[in-house]
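Here is the structure we will look at.
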Amino acid sequence: MSSGHDKAREERDSEVIRVLSHVFFLNLFVAILKLVFGFFAGAVSMLADGLHSLLDSASNVVGYVGMSVARQKPDDDHPYGHRKFEALASVGISMFLFFTAWEVLREVISRVREGHEVDPRPETYAVMVITVIINILVTRYEKRKGTELRSSILQADAKHTQSDVFVSLSVIASLIAASFQQPLFDLIVALLIVGFIIYSGYEIVSGAFSILADTQMVDPSEVIAIALQADQVSHAHRVRSRGGPDDIHVDLHIHVPPSMTTLEAHD
């Protein structure tokens, strides 16, 4: 039984790593497109979006490393396993987001002081539309896999990528405004992007902290109801649960007849 469970978990972890690898290359491709064309157009919002996508790639690497550690089997020093490293990697992803927000904010302040001009070109719009389509497909793929595999890191990364979609749409709007000689709108959109990034980081880190802080994962009343269905169990209490969506640990106290041996009670 344990062997089959371990095999299923190994297959699950391998699949999570495979998904992260695919998403890494897609994010890197999207980031390069945005940064190159954003630089030539002089669009801060597009450059900010490109940095956001570049850090998506970096966060995929963090997730890959975190999963490589998290998939290790329980040992004498870690009887509950290493699953928290997946949540810890999610915190790493949020740190990348907060750093990106700070860098974009600094660039906006610099452009306000020094003056700002945007020169959007037809190919710039095409690049943004292509990247929006890629991000939508990546988000749907990661969400589906994250739910299917019960992976907190894939679900966190899907939220991260989903924020890219809204950010990219706002960048397209800012480029259109710039073509009508409204370059200030580009900086306003860049500030909105900062807000999106900070909110995404907050959502990810709050979810990860609930796992790291051993937040209750199962309703105690449900566990008690199941325990009382067992023969000879007359009472159950002090239910505690911890872990993540794919790795829940539960312990509780049960009352059994005094005549039962410890071995019989555990069977």
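The values are calculated or read from the model by the stated rules, or taken from the named source; none is laboratory data. Because the structure is predicted, anything quoted here is derived from the model rather than measured. Heads up, the Cβs are rebuilt from the backbone with ideal geometry, glycines too, and the neighbour counts pull from every protein chain shown.
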*Filter the stretch 83-119 down to residues that are at pLDDT below 70 and crowded, with 22+ Cβ neighbours inside 10 Å, then give me how many there are.*
1
*So how many residues does the stretch 122-151 have that are touching a helix residue (DSSP H, G or I) at 6+ places or on another chain (Cβ under 6 Å) and either farther than 24 Å from Leu47 by Cβ or basic (Lys, Arg) (or both)?*
6
*Since Glu142 meets every condition but one in (1) within 30 Å of Ile248 (Cβ to Cβ); (2) touching a Phe, Trp or Tyr at 6+ places or on another chain (Cβ under 6 Å), which condition does it not meet?*
(2)
*asked:* under 14 Å from Asp157 (Cβ atoms) and in the same structural domain as Val104 (by TED's automatic domain parsing): is that true of Val69 in this structure?
replied: no
